[in-house]
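Have a look at the structure that comes next, please.
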Amino acid sequence: MSEPAPPNAAPPSITRRWLVALVLSLLIAAGFAYLLHLGALPVVPPREAFAHVAWWTVGAYSLIWLTALLVRSYRWKWLLEPIAPVTTSRLMSVSLISMGALVVLPLRMGEVVRPTMIRGPKLSAWAATGTVAAERVIDGLVICLLLFAGLLVAQPLDPLPDHIGDLRIPVALVPRGTYIALGLFAVAFLLMALFYFGRERVRRAVLRVLGSVSPRLSAWVAAKVDGVATGLSFLPRARSISPFVAATVLYWWLNAAGVWLISRGADIPLTLPQSMVLVGVLALGVLVPNAPGYFGTFQLSLYAGFAMYKAPGLVVERASVVIFLIYLVQILGTLLLAAVGLWWFQRASRSESHAERASA
């Protein structure tokens, strides 16, 4: 007779899904590692490649990156405000933890952390999910617009190379992919707005279509539709969406300024518009589900960005140093702030528990 599973054990189906996702993400990482090796694109440059690095720029870039993460974390406040008040400590700690989860967990599974941890008596997980989805759409639209502007201003190589390293991947795919992504995010934003302002029609359609199959299911789905729509309550509020968009632009410009600085420190200078292009290509590259630590898509995206503006020899020799340093700073910096966020969250939770017991 088999023993019952421990009460806190994850259901086998959930465990199996996580294992499948982990194995799949590791296969993706192995595939990218092979691809980078095939293209002679170093993941870790040789020691002598760091000889000309101005190390103070690495420290300055680290401070810029950490500042950008704090801006990114705090801006969520303006999406949540129309739904329910959230303390700064809870907001920041959950945001920082979720960014660490995105680095550690495979296939962007860390996206579920924020709505799960931030929910409360007046804020459902589905409403929080609506804000997270909206954030992703606005993020994508803003960075695509900045990337598009960068492509218009920055002067690329002419003609663009038909390879990245030894990989027969035409660099012309970068601007083409930008135009496609810009169109997709513009459509996504339009659909999001139509969904919010027509949420009552969507709810009635769900009840009508699913009601004939299962009234209980239709009521459940309709409730979730209402929850997600509630998460988009910031859309008609200028005092919510305006500061959020401003903080989003600031976040991406901080990223571009950091890339501009660290590239100069590694003796492969870029202009600010070129740096914005690199940041935009990287943002779109890591947006898709990928391996833990964004491994592979991170490196290949930056190599593609550099290949637009620098000769192939410089891309392999000097840009590889910049890519390695950016990757190291971003991953370690994100995990460091996630650890701070976890400590902050636990401390805030204990304070809230003491306050509840005192008022009981």
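Let me check I have the definition right: for the stretch 126-333, take the eigenvalues of the Cα gyration tensor, multiply each by 5, take square roots. What are those semi-axes in whole Å, largest first?
Rounded to whole Å, the semi-axes are 40, 18, 16.
Using every pair of alpha-carbon atoms in the stretch 218-360, split the distances into 10 Å bins beginning at 0 and state the percent of pairs per bin, rounded to integers.
10, 26, 25, 22, 12, 5, 1
Then there's this: Quick one: length gained pulling VAL112 to GLN155 fully straight, 0.36 nm per residue minus the C-alpha distance?
11.5 nm
Through the Karplus equation 6.51 cos²θ - 1.76 cosθ + 1.60, θ set to phi - 60°, convert the phi angles of the stretch 189-206 into ³J(HN,Hα) values in whole Hz; use x for Gly and Pro.
5, 4, 5, 4, 5, 4, 4, 5, 6, x, 4, 5, 5, 4, 4, 5, 5, 4
Cβ neighbours within 10 Å, averaged per peptide: list 261-270, 170-179 in order, most packed at the top.
261-270, 170-179
Quick one: Cα convex hull volume of the stretch 255-308, Å³ per residue?
For the stretch 255-308, the hull spanned by Cα atoms encloses 73 Å³ per residue.
Here is a follow-up. Modelled label-to-label distance, ILE180 and LEU24, 7 Å Cα→beta-carbon offset: nm?
With each label point 7 Å from Cα toward Cβ, the separation is 2.0 nm.
If the only charges are +1 at each Lys and Arg Cβ and -1 at each Asp and Glu Cβ, what is the size of the charge dipole of the chain around the Cα centre, to the nearest 20 debye?
Rounded to the nearest 20 debye, it is 1280 debye.
Each residue of the stretch 315-324 in order: what ³J(HN,Hα) in whole Hz does its phi give by Karplus 6.51 cos²θ - 1.76 cosθ + 1.60, θ = phi - 60°, with x for Gly and Pro?
Residue by residue, the stretch 315-324 yields 4, 6, 7, 9, 4, 4, 5, 4, 4, 4 Hz.
Per 10 Å bin, what percent of the C-alpha pairs of the chain does each bin hold, from zero upward?
Bins of 10 Å from zero give 5, 21, 30, 25, 14, 5, 1, 0 percent of pairs.
No lab work stands behind these numbers, since they all come straight from the coordinates. Model, not experiment: these values are computed from the prediction. Cβ atoms come from the backbone with ideal geometry, glycine included; neighbour counts cover every protein chain shown.
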